[in-house]
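**Student:** First the structure, then my questions, so here it is.
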Amino acid sequence: MKQKRIQNILLLFLSLFFLLTAVCFPGCSQKVEPIRRQGFYFDTVIQITIYDSRNEELLEQCFMLAQKYEDMLSRTKENSDVWKLNHADGGYVRLQEDTLTLLRAALAYAELTNGKVDPTIGSVNRLWNFTDPQAAVLPDSDALAQALTHVNYRLVTVEGNMAALNDPEAELDLGFIAKGYIADRLKEYLVSKGVESALINLGGNVLAIGCKPDGSPFKVGVQKPFAPSGTTAYTLSLTGQSIVSSGNYERFFEKDGRIFHHILDTATGYPVWNTLSEVTIVCDSSLEGDALSTACFLLGEEEGMALVETLPGVEAAFLTSDGRILRSSGMP
(Lines give C-alpha, C1' and ligand atoms only; values in the text may rest on other atoms or scores of the structure.)
Protein backbone atom coordinates (compact mmCIF):
# COMPACT_ATOMS: atom_id res chain seq x y z
CA MET A 1 0.00 0.00 0.00
CA LYS A 2 2.76 2.34 1.00
CA GLN A 3 4.71 1.50 -2.17
CA LYS A 4 1.67 2.21 -4.33
CA ARG A 5 1.22 5.58 -2.64
CA ILE A 6 4.84 6.50 -3.34
CA GLN A 7 4.38 5.53 -6.97
CA ASN A 8 1.29 7.78 -7.23
CA ILE A 9 3.18 10.69 -5.70
CA LEU A 10 6.03 10.18 -8.19
CA LEU A 11 3.59 10.07 -11.09
CA LEU A 12 1.94 13.28 -9.89
CA PHE A 13 5.33 14.98 -9.54
CA LEU A 14 6.37 13.96 -13.05
CA SER A 15 3.09 15.16 -14.51
CA LEU A 16 3.48 18.54 -12.83
CA PHE A 17 7.09 18.78 -14.01
CA PHE A 18 6.21 18.20 -17.66
CA LEU A 19 3.28 20.60 -17.39
CA LEU A 20 5.49 23.34 -15.96
CA THR A 21 8.12 22.66 -18.63
CA ALA A 22 5.54 23.12 -21.38
CA VAL A 23 4.31 26.38 -19.80
CA CYS A 24 7.69 27.91 -19.01
CA PHE A 25 9.50 26.84 -22.17
CA PRO A 26 6.95 26.90 -24.98
CA GLY A 27 9.66 27.62 -27.58
CA CYS A 28 11.16 24.20 -27.02
CA SER A 29 8.05 22.47 -28.29
CA GLN A 30 6.90 24.95 -30.93
CA LYS A 31 8.69 25.13 -34.26
CA VAL A 32 8.62 28.54 -35.96
CA GLU A 33 8.73 28.24 -39.74
CA PRO A 34 11.23 30.65 -41.31
CA ILE A 35 10.11 33.47 -43.56
CA ARG A 36 12.13 34.52 -46.58
CA ARG A 37 12.04 36.79 -49.57
CA GLN A 38 14.26 37.33 -52.58
CA GLY A 39 14.68 40.03 -55.19
CA PHE A 40 17.12 41.45 -57.73
CA TYR A 41 19.35 44.25 -56.46
CA PHE A 42 22.99 45.25 -56.97
CA ASP A 43 23.05 43.24 -60.24
CA THR A 44 22.43 39.99 -58.36
CA VAL A 45 19.72 37.92 -56.69
CA ILE A 46 19.52 38.59 -52.96
CA GLN A 47 17.67 36.57 -50.31
CA ILE A 48 16.88 37.24 -46.66
CA THR A 49 15.65 34.48 -44.34
CA ILE A 50 14.41 35.09 -40.79
CA TYR A 51 14.12 32.01 -38.57
CA ASP A 52 12.75 33.35 -35.28
CA SER A 53 9.99 35.71 -36.40
CA ARG A 54 6.88 35.60 -38.61
CA ASN A 55 6.80 39.39 -39.03
CA GLU A 56 6.75 39.95 -42.79
CA GLU A 57 7.14 43.69 -42.22
CA LEU A 58 10.77 43.05 -41.29
CA LEU A 59 11.43 41.60 -44.74
CA GLU A 60 9.57 44.49 -46.36
CA GLN A 61 11.75 47.01 -44.56
CA CYS A 62 14.92 45.12 -45.51
CA PHE A 63 14.07 45.31 -49.20
CA MET A 64 13.16 48.97 -48.87
CA LEU A 65 16.64 49.50 -47.40
CA ALA A 66 18.17 47.52 -50.28
CA GLN A 67 16.44 49.83 -52.75
CA LYS A 68 17.55 52.88 -50.81
CA TYR A 69 21.19 51.83 -50.90
CA GLU A 70 21.08 50.88 -54.57
CA ASP A 71 19.64 54.31 -55.39
CA MET A 72 22.36 55.92 -53.29
CA LEU A 73 25.48 53.96 -54.26
CA SER A 74 25.02 52.74 -57.84
CA ARG A 75 27.52 54.08 -60.36
CA THR A 76 25.01 53.87 -63.20
CA LYS A 77 21.80 55.16 -61.55
CA GLU A 78 21.26 58.80 -62.37
CA ASN A 79 21.25 61.09 -59.30
CA SER A 80 22.81 58.53 -56.98
CA ASP A 81 25.54 59.98 -54.77
CA VAL A 82 28.19 58.16 -56.82
CA TRP A 83 26.66 59.34 -60.11
CA LYS A 84 26.61 62.94 -58.89
CA LEU A 85 30.26 62.77 -57.85
CA ASN A 86 31.25 61.28 -61.21
CA HIS A 87 29.42 64.05 -63.09
CA ALA A 88 30.56 67.00 -61.00
CA ASP A 89 33.52 67.89 -63.31
CA GLY A 90 35.87 67.79 -60.35
CA GLY A 91 33.65 69.90 -58.09
CA TYR A 92 32.57 69.13 -54.54
CA VAL A 93 29.36 67.19 -53.92
CA ARG A 94 27.45 66.89 -50.65
CA LEU A 95 27.11 63.18 -49.85
CA GLN A 96 24.84 61.26 -47.53
CA GLU A 97 26.42 59.86 -44.38
CA ASP A 98 26.28 56.25 -45.60
CA THR A 99 28.10 57.18 -48.81
CA LEU A 100 30.76 59.09 -46.89
CA THR A 101 31.30 56.15 -44.51
CA LEU A 102 31.63 53.72 -47.40
CA LEU A 103 33.91 56.04 -49.39
CA ARG A 104 36.25 56.48 -46.43
CA ALA A 105 36.39 52.70 -45.96
CA ALA A 106 37.12 52.17 -49.68
CA LEU A 107 39.98 54.69 -49.53
CA ALA A 108 41.37 52.98 -46.43
CA TYR A 109 41.52 49.61 -48.21
CA ALA A 110 43.09 51.26 -51.24
CA GLU A 111 45.79 52.63 -48.95
CA LEU A 112 46.20 49.24 -47.21
CA THR A 113 46.79 47.48 -50.54
CA ASN A 114 48.81 50.29 -52.14
CA GLY A 115 46.14 50.76 -54.77
CA LYS A 116 45.52 47.12 -55.70
CA VAL A 117 41.89 47.85 -54.92
CA ASP A 118 40.94 51.37 -55.98
CA PRO A 119 37.52 53.05 -55.86
CA THR A 120 38.44 55.18 -58.91
CA ILE A 121 38.50 52.11 -61.17
CA GLY A 122 35.21 53.27 -62.72
CA SER A 123 36.78 54.74 -65.85
CA VAL A 124 38.23 51.30 -66.64
CA ASN A 125 35.17 49.26 -65.58
CA ARG A 126 33.05 51.28 -68.00
CA LEU A 127 35.04 49.90 -70.96
CA TRP A 128 34.27 46.27 -70.12
CA ASN A 129 31.02 44.36 -70.58
CA PHE A 130 30.67 41.36 -68.27
CA THR A 131 26.88 41.39 -68.09
CA ASP A 132 26.32 39.96 -71.58
CA PRO A 133 29.06 37.45 -72.45
CA GLN A 134 27.66 36.92 -75.96
CA ALA A 135 28.11 40.60 -76.81
CA ALA A 136 31.39 41.12 -74.96
CA VAL A 137 34.42 42.41 -76.84
CA LEU A 138 37.88 43.42 -75.68
CA PRO A 139 38.25 47.15 -75.01
CA ASP A 140 40.32 49.24 -77.37
CA SER A 141 43.87 49.18 -76.00
CA ASP A 142 44.39 52.93 -76.46
CA ALA A 143 41.12 53.72 -74.68
CA LEU A 144 42.11 51.38 -71.86
CA ALA A 145 45.52 53.01 -71.49
CA GLN A 146 43.88 56.43 -71.38
CA ALA A 147 41.34 55.32 -68.78
CA LEU A 148 44.14 54.00 -66.55
CA THR A 149 45.63 57.49 -66.27
CA HIS A 150 42.53 58.49 -64.29
CA VAL A 151 42.75 55.62 -61.78
CA ASN A 152 44.28 56.92 -58.57
CA TYR A 153 42.49 56.85 -55.22
CA ARG A 154 44.58 59.81 -54.08
CA LEU A 155 42.51 61.92 -56.49
CA VAL A 156 39.58 61.68 -54.04
CA THR A 157 39.23 64.48 -51.49
CA VAL A 158 36.82 64.23 -48.57
CA GLU A 159 36.13 67.29 -46.41
CA GLY A 160 33.36 67.04 -43.85
CA ASN A 161 30.24 65.86 -45.68
CA MET A 162 31.63 66.89 -49.08
CA ALA A 163 33.79 64.98 -51.55
CA ALA A 164 35.42 65.70 -54.89
CA LEU A 165 37.35 63.92 -57.63
CA ASN A 166 40.32 66.17 -58.35
CA ASP A 167 40.53 64.68 -61.85
CA PRO A 168 37.27 65.46 -63.74
CA GLU A 169 37.81 62.31 -65.87
CA ALA A 170 38.09 60.00 -62.85
CA GLU A 171 35.09 57.78 -62.01
CA LEU A 172 34.18 56.37 -58.65
CA ASP A 173 32.99 52.75 -58.43
CA LEU A 174 32.32 51.27 -54.97
CA GLY A 175 31.29 47.87 -56.29
CA PHE A 176 34.14 46.02 -54.56
CA ILE A 177 32.84 46.99 -51.12
CA ALA A 178 29.23 48.20 -51.34
CA LYS A 179 27.37 44.89 -50.92
CA GLY A 180 29.33 44.17 -47.76
CA TYR A 181 28.40 47.53 -46.27
CA ILE A 182 24.74 47.01 -47.19
CA ALA A 183 24.69 43.52 -45.64
CA ASP A 184 26.05 44.97 -42.39
CA ARG A 185 23.33 47.64 -42.39
CA LEU A 186 20.59 45.05 -42.99
CA LYS A 187 21.92 42.98 -40.10
CA GLU A 188 22.03 46.08 -37.91
CA TYR A 189 18.37 46.80 -38.69
CA LEU A 190 17.16 43.25 -38.00
CA VAL A 191 19.08 43.01 -34.72
CA SER A 192 17.56 46.35 -33.63
CA LYS A 193 14.13 44.72 -34.12
CA GLY A 194 14.98 41.77 -31.90
CA VAL A 195 15.88 39.22 -34.58
CA GLU A 196 18.36 36.65 -33.24
CA SER A 197 18.40 34.07 -36.04
CA ALA A 198 18.59 35.08 -39.70
CA LEU A 199 20.65 34.70 -42.85
CA ILE A 200 21.35 37.55 -45.28
CA ASN A 201 22.59 36.51 -48.73
CA LEU A 202 23.53 39.26 -51.15
CA GLY A 203 24.85 37.06 -53.94
CA GLY A 204 28.23 35.87 -52.67
CA ASN A 205 28.01 37.93 -49.47
CA VAL A 206 26.46 35.78 -46.74
CA LEU A 207 25.98 37.26 -43.27
CA ALA A 208 24.53 35.38 -40.32
CA ILE A 209 22.61 36.73 -37.35
CA GLY A 210 23.24 34.25 -34.57
CA CYS A 211 22.70 30.59 -35.41
CA LYS A 212 19.81 28.29 -36.25
CA PRO A 213 16.94 28.20 -33.74
CA ASP A 214 18.11 24.76 -32.53
CA GLY A 215 21.51 26.23 -31.62
CA SER A 216 23.42 24.66 -34.50
CA PRO A 217 25.49 26.82 -36.89
CA PHE A 218 24.39 27.71 -40.38
CA LYS A 219 26.03 25.63 -43.11
CA VAL A 220 27.19 27.67 -46.10
CA GLY A 221 28.44 25.98 -49.25
CA VAL A 222 31.14 27.82 -51.20
CA GLN A 223 30.56 27.64 -54.95
CA LYS A 224 32.96 25.51 -56.98
CA PRO A 225 34.40 27.71 -59.78
CA PHE A 226 32.98 27.13 -63.26
CA ALA A 227 30.74 24.29 -61.99
CA PRO A 228 26.93 24.38 -62.23
CA SER A 229 25.33 26.77 -59.74
CA GLY A 230 24.93 25.10 -56.35
CA THR A 231 27.96 22.82 -56.76
CA THR A 232 30.05 23.31 -53.62
CA ALA A 233 33.81 23.24 -53.36
CA TYR A 234 33.57 22.98 -49.56
CA THR A 235 31.17 23.88 -46.75
CA LEU A 236 31.73 26.23 -43.82
CA SER A 237 29.89 26.58 -40.51
CA LEU A 238 28.71 30.08 -39.69
CA THR A 239 27.49 31.65 -36.44
CA GLY A 240 27.08 35.42 -36.35
CA GLN A 241 29.78 36.02 -38.95
CA SER A 242 30.17 36.87 -42.62
CA ILE A 243 31.41 34.76 -45.53
CA VAL A 244 32.31 36.58 -48.75
CA SER A 245 33.70 34.90 -51.86
CA SER A 246 35.20 36.50 -54.97
CA GLY A 247 36.34 34.59 -58.02
CA ASN A 248 37.06 34.60 -61.71
CA TYR A 249 33.95 32.50 -62.45
CA GLU A 250 31.32 35.03 -61.31
CA ARG A 251 31.19 37.41 -64.28
CA PHE A 252 33.35 36.59 -67.27
CA PHE A 253 33.52 35.87 -70.97
CA GLU A 254 35.86 33.72 -73.00
CA LYS A 255 37.89 35.04 -75.91
CA ASP A 256 40.49 33.11 -77.93
CA GLY A 257 40.59 30.41 -75.27
CA ARG A 258 41.21 32.82 -72.40
CA ILE A 259 38.93 33.80 -69.53
CA PHE A 260 38.32 37.53 -69.09
CA HIS A 261 36.72 38.18 -65.69
CA HIS A 262 35.51 41.22 -63.76
CA ILE A 263 38.31 41.52 -61.17
CA LEU A 264 40.47 44.09 -62.92
CA ASP A 265 44.11 44.84 -62.26
CA THR A 266 44.52 48.54 -61.49
CA ALA A 267 47.99 48.46 -63.04
CA THR A 268 46.98 47.08 -66.46
CA GLY A 269 43.22 47.56 -66.77
CA TYR A 270 42.88 43.89 -67.71
CA PRO A 271 41.62 41.05 -65.49
CA VAL A 272 44.24 39.89 -63.04
CA TRP A 273 45.66 36.51 -64.05
CA ASN A 274 47.33 34.56 -61.28
CA THR A 275 47.07 31.14 -59.63
CA LEU A 276 43.77 31.90 -57.86
CA SER A 277 40.25 30.95 -58.89
CA GLU A 278 38.46 32.00 -55.71
CA VAL A 279 39.05 33.77 -52.41
CA THR A 280 36.73 33.33 -49.43
CA ILE A 281 36.99 35.55 -46.35
CA VAL A 282 35.38 34.79 -42.97
CA CYS A 283 35.12 37.64 -40.45
CA ASP A 284 32.59 39.62 -38.41
CA SER A 285 32.07 42.47 -40.89
CA SER A 286 30.70 41.81 -44.37
CA LEU A 287 32.23 45.11 -45.52
CA GLU A 288 35.66 43.90 -44.45
CA GLY A 289 35.07 40.52 -46.08
CA ASP A 290 33.92 42.14 -49.32
CA ALA A 291 36.94 44.41 -49.58
CA LEU A 292 39.44 41.72 -48.59
CA SER A 293 38.08 39.01 -50.91
CA THR A 294 38.74 41.30 -53.88
CA ALA A 295 42.01 42.64 -52.49
CA CYS A 296 43.45 39.19 -51.77
CA PHE A 297 42.45 37.93 -55.20
CA LEU A 298 44.33 40.85 -56.75
CA LEU A 299 47.34 40.36 -54.48
CA GLY A 300 47.66 36.65 -55.29
CA GLU A 301 48.06 33.65 -53.03
CA GLU A 302 51.29 34.62 -51.24
CA GLU A 303 50.73 38.34 -50.67
CA GLY A 304 47.02 37.86 -50.10
CA MET A 305 47.48 35.22 -47.40
CA ALA A 306 50.25 37.27 -45.81
CA LEU A 307 47.81 40.19 -45.53
CA VAL A 308 45.11 38.02 -43.96
CA GLU A 309 47.52 36.74 -41.32
CA THR A 310 48.16 40.31 -40.16
CA LEU A 311 44.47 41.07 -39.60
CA PRO A 312 42.85 40.04 -36.29
CA GLY A 313 39.55 38.18 -36.55
CA VAL A 314 39.97 37.50 -40.29
CA GLU A 315 40.36 34.02 -41.80
CA ALA A 316 40.55 32.94 -45.43
CA ALA A 317 40.46 30.01 -47.81
CA PHE A 318 42.00 30.37 -51.27
CA LEU A 319 41.07 27.97 -54.06
CA THR A 320 43.71 27.77 -56.78
CA SER A 321 43.21 27.07 -60.46
CA ASP A 322 44.81 23.63 -60.02
CA GLY A 323 42.40 22.66 -57.23
CA ARG A 324 44.45 23.34 -54.12
CA ILE A 325 42.79 24.85 -51.03
CA LEU A 326 45.01 27.17 -49.00
CA ARG A 327 43.86 28.09 -45.48
CA SER A 328 44.89 30.82 -43.09
CA SER A 329 46.22 29.66 -39.73
CA GLY A 330 42.86 29.93 -37.94
CA MET A 331 40.63 28.62 -40.74
CA PRO A 332 38.90 25.27 -40.07
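**Student:** Normalised by the residues of region 101-241, what does the relative contact order come to in percent, with Cα pairs under 8 Å and at least six apart?
**Tutor:** Details: 182 pairs, mean separation 23.0, N = 141.
RCO, region 101-241: 16 percent.
**Student:** Taking a ≥ b ≥ c as the square roots of the Cα gyration tensor eigenvalues, with a/c under 1.5 meaning rounded and otherwise prolate when a/b beats b/c, else oblate, which class fits region 183-332? Walk me through the numbers before you get to the answer.
**Tutor:** Details: a/c = 1.87, a/b = 1.73, b/c = 1.08.
It is prolate, given that a/c is not under 1.5 and a/b is the larger ratio.
**Student:** Give the relative contact order (percent, whole number) for the chain; include only Cα pairs under 8 Å separated by 6+ residues. Present the calculation step by step, with values, prior to reporting the outcome.
**Tutor:** Working: 596 pairs, mean separation 47.3, N = 332.
RCO, the chain: 14 percent.
**Student:** Decide, for region 140-181, between rounded, prolate and oblate: order the square roots of the alpha carbon gyration tensor eigenvalues as a ≥ b ≥ c, take rounded if a/c falls under 1.5, and otherwise choose prolate if a/b is larger than b/c, else oblate.
**Tutor:** Working: a/c = 3.48, a/b = 1.42, b/c = 2.45.
It is oblate, given that a/c is not under 1.5 and a/b is not larger than b/c.
**Student:** Not counting ligands, DNA or RNA, and with a 1.4 Å probe, what is Ile46's accessible surface area in Å² rounded to the nearest 10?
**Tutor:** About 0 Å², ignoring ligands and nucleic acids.
**Student:** Read phi for every residue in region 92-105 and hand back ³J(HN,Hα) as whole Hz from Karplus 6.51 cos²θ - 1.76 cosθ + 1.60, θ = phi - 60°, with x for Gly and Pro.
**Tutor:** 7, 10, 7, 10, 6, 4, 4, 5, 4, 4, 5, 5, 4, 5
**Student:** Report the full-extension gain for the segment Arg54 to Leu138: residue separation times 0.36 nm, less the Cα-Cα distance, to one decimal in nm. Present the calculation step by step, with values, prior to reporting the outcome.
**Tutor:** Numbers: separation 84, 0.36 × 84 = 30.24 nm, distance 4.89 nm.
Here the answer is 25.3 nm.
**Student:** Moving on to the next point. What's the extension gain from Asp71 to Thr149 if we count 0.36 nm per residue and subtract their Cα-Cα distance? Before the final figure, lay out the partial values.
**Tutor:** Details: separation 78, 0.36 × 78 = 28.08 nm, distance 2.84 nm.
The span from Asp71 to Thr149 would gain 25.2 nm if fully extended.
**Student:** How far is the Cα center of region 106-173 from the Cα center of region 226-304, in Å?
**Tutor:** Their Cα centres are 19 Å away from one another.
**Student:** At a probe size of 1.4 Å, how large is the accessible area of Phe252, to the nearest 10 Å²?
**Tutor:** 60 Å²
**Student:** Let me ask something else. 5 Å is the cut-off here: which amide hydrogens, built 1.01 Å from N in the peptide plane, fall below it relative to Arg37, excluding neighbours closer than 5 in sequence?
**Tutor:** Here the answer is Ile48, since their amide H atoms fall under 5 Å of that of Arg37.
**Student:** I'd like the carbon and sulfur percentage of the solvent accessible area for the chain, probe radius 1.4 Å, heavy atoms only, ligands and nucleic acids excluded.
**Tutor:** On the way: 8850 of 16870 Å².
Summing carbon and sulfur atoms, their accessible area is 52 percent of the total for the chain.
**Student:** Rounding to the nearest 10 and keeping the result within 0 to 90°, find how far the Cα-based axis of helix 286-299 lies from the longest principal axis of the chain.
**Tutor:** Taking the Cα atoms of the chain, the angle to 286-299 is about 50 degrees.
**Student:** Moving to a separate point now. On a 1.4 Å probe surface of the protein chains, which of Thr113, Thr235 comes out largest in accessible area, and what is the full order?
**Tutor:** Working: Thr113 10, Thr235 85 Å².
Putting Thr113, Thr235 in descending order of accessible area: Thr235, Thr113.
**Student:** Between helix 178-192 and the chain, what is the angle of the helix's C-alpha long axis to the longest principal axis, kept within 0 to 90° and rounded to the nearest 10?
**Tutor:** 30 degrees
**Student:** How large is ³J(HN,Hα), in whole Hz, for each residue of region 131-146 in order, when computed from phi with the Karplus curve 6.51 cos²θ - 1.76 cosθ + 1.60 and θ = phi - 60°, using x for Gly and Pro?
**Tutor:** So the Karplus estimates, Gly and Pro as x, are 7, 10, x, 5, 9, 6, 9, 6, x, 4, 4, 5, 5, 5, 4, 5 Hz.
**Student:** Probe 1.4 Å, all protein chains in place: accessible area of Tyr234 in Å², nearest 10?
**Tutor:** Ignoring ligands and nucleic acids, Tyr234 comes out at about 40 Å².
**Student:** Do you know the Lys pair count in the chain for C-alpha distances under 26 Å, with sequence separation 8 or more or different chains?
**Tutor:** 28
**Student:** Which trypsin sites (Lys or Arg not before Pro) in region 239-332 pass both tests, a DSSP loop state and at most 16 other beta-carbon atoms within 10 Å?
**Tutor:** Details: sites: Arg251, Lys255, Arg258, Arg324, Arg327; in loops: Arg251, Arg324.
Counting only loop positions with at most 16 other Cβ atoms within 10 Å, the trypsin sites (Lys or Arg not before Pro) in region 239-332 are Arg324.
**Student:** How much accessible area per residue does region 131-283 have, counting only protein heavy atoms and a probe of 1.4 Å, in square angstrom? Display every interim value, and only then the final one.
**Tutor:** Details: 6720 Å² over 153 residues.
Accessible surface, normalised per residue, equals 44 Å².
**Student:** So if R0 is 22 Å, what FRET efficiency would Thr310 and Ala267 give, r being the distance between their Cβ atoms, rounded to the nearest 0.05? Walk me through the numbers before you get to the answer.
**Tutor:** Working: r = 22 Å, r/R0 = 1.02.
Calculated value: 0.45.
**Student:** Tell me the label only: which of [x] -0.20, -0.37, -1.16; [y] -0.27, -0.43, -1.15; [z] -0.24, -0.42, -1.16 is log10 I(q)/I(0) by the Debye sum over Cα atoms at q = 0.06, 0.08, 0.14 Å⁻¹ as calculated from this structure?
**Tutor:** Read-out from the structure maps to [y].
**Student:** If you don't mind, there's one more thing I want to ask. Report the label-to-label distance for Glu97 and Ser192 in nanometres (one decimal), using points 7 Å from each Cα along the Cα→Cβ vector.
**Tutor:** 0.9 nm
**Student:** Then there's this: With angles folded into 0 to 90 degrees, how steeply does helix 56-73 sit against the dominant principal axis of the chain? Use alpha carbons for both and round to 10.
**Tutor:** On a 0 to 90 degree scale, this one is about 10.
**Student:** Once you have the Cα-Cα distance between Thr275 and Glu78, take 0.36 nm times their residue separation minus that, and quote the gain in nm to one decimal. The partial results should precede the final answer.
**Tutor:** Values: separation 197, 0.36 × 197 = 70.92 nm, distance 3.79 nm.
Here the segment from Thr275 to Glu78 would lengthen by 67.1 nm.
The values are calculated or read from the model by the stated rules, or taken from the named source; none is laboratory data. Everything numeric here is computed off the predicted structure, so don't read it as measured data. A quick note on method: Cβ atoms are made from the backbone with ideal geometry, for glycine too, and the neighbour counts reach across all protein chains shown. Heads up: the accessible areas ignore ligands, DNA and RNA and are worked out on the full protein's heavy atoms, side chains in. Shrake-Rupley method; radii C 1.70, N 1.55, O 1.52, S 1.80 Å.
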